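Here the structure is laid out as structure tokens; the discussion comes afterwards.
No lab work stands behind these numbers, since they all come straight from the coordinates. These numbers were taken from a predicted model, which means no experiment stands behind them. Neighbour counts are summed over all protein chains in view; Cβ atoms, including those assigned to glycine, are modelled from backbone coordinates with ideal geometry.
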DNA sequence: ATTGCGGTTTTTGCCC
DNA sequence: GGGCAAAAACCGCAAT
């Protein structure tokens, strides 16, 4: 097995990733801003974070349940 | 601030940790044995793992909910 | 000091944050996709990651240097 | 090939595994406690971890060597 | 300033 | 050996 490895292509991949990471960082910063704003309105960061974490956990559990059902179906050949 | 750092004491800590890690590994091995046994009885590892993961997630969500309640109470000075 | 705390406003904040976190996750997934694509073309993930980390460090160093220069200039009233 | 699959037996397996995972978690917590205690006595966690990792690698290397010797012996009919 | 705590990333291990 | 889940290491914020 062989690949055509070129500096130019590698550079393309790296730049695409760097661009996306930049984007990700911007979004993180926006999230921080919202927390700051909420805090300024009297909402405790700690509580807001905890609510969000709980909601995420619940959503993950629901998704997992669905995935489990799919696994069952697959196992039963449905 | 200063501490009394000694090779003997360091050794004690390291040995305690190594002993516990040994124990942990033994438990992991027992878990693997159970999976193997279950598989031998026709229970698919993939499904068993998924069920356990789901149950863990649900438990974590319940615990988190409780923690959130505590945070609320604290915030309200109760 | 008092604030107007309302469930509706809290909900707004939470939903804004969740939306942004969703966005962040999507970007993360895109990054993973690029790594996968690169890998499919024969570029080792581990190495690509190293290059990116290195470039980020270099960029940080340049930014740092620039910030230092600005501090100097300001101190000199330029 | 057929198996007798029952909800009751599946439950047994799951509970056995969950019990063992609980145990594992407890051991992990004990390990954390030891690290904390050591830290309280002035021993840096990071360094203690490094030492332990190093010792484990050395042990693995010795075990490996021993296993190799056994292979040789067996091959020579000893 | 220091330390706990969450989140993120990296590494490890497992199963296929 | 390649993908996926768990564990460990690392980092950064926040609270004290």
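Rounded is the label for the protein assembly as shown, because a/c, from the alpha-carbon gyration tensor with a ≥ b ≥ c as root eigenvalues, stays below 1.5.
Sorted from nearest, the other copies put their residue A:71 label points 2.9, 3.5, 5.3 nm away, the label point being 7 Å from Cα in the direction of Cβ. Shielding by partners for peptide A:19-32, expressed as the average number of C-beta atoms from other protein chains within 10 Å of each residue's C-beta, is 5. With each label modelled as a point 7 angstrom along the Cα→C-beta vector, the residue D:3-residue D:22 pair spans 2.5 nm.
Starting from the Kirkwood Rh over alpha-carbon pairs, what translational D in µm² s⁻¹ does chain A have by Stokes-Einstein at 4 °C and 1.567 mPa s? Here the translational diffusion coefficient equals 75 µm²/s. Counting only other chain Cβ atoms within 10 Å of each residue's Cβ, the peptide D:33-46 averages 3.
What separates the residue B:33 label point from its copies, with the point 7 Å along Cα to Cβ, is 2.5, 4.7, 5.8 nm, written shortest first.
How would you classify region D:1-43 from its alpha-carbon gyration tensor, with a ≥ b ≥ c the square roots of the eigenvalues: rounded for a/c under 1.5, else prolate if a/b is greater than b/c, otherwise oblate? Prolate, because a/c is 1.5 or more and a/b exceeds b/c.
Report, as an integer, the average count of C-beta atoms from other chains found within 10 Å of each Cβ along C:47-55.
2
With label points defined 7 Å past Cα in the direction of Cβ, position residue C:8 shows copy-to-copy spacings of 5.7, 5.9, 7.1 nm, given to one decimal and shortest first. Over chain C, DSSP H runs of length four or greater, each weighted -39,500 (n - 2.57), average out per residue to a 222 nm ellipticity of -30500 deg cm²/dmol.
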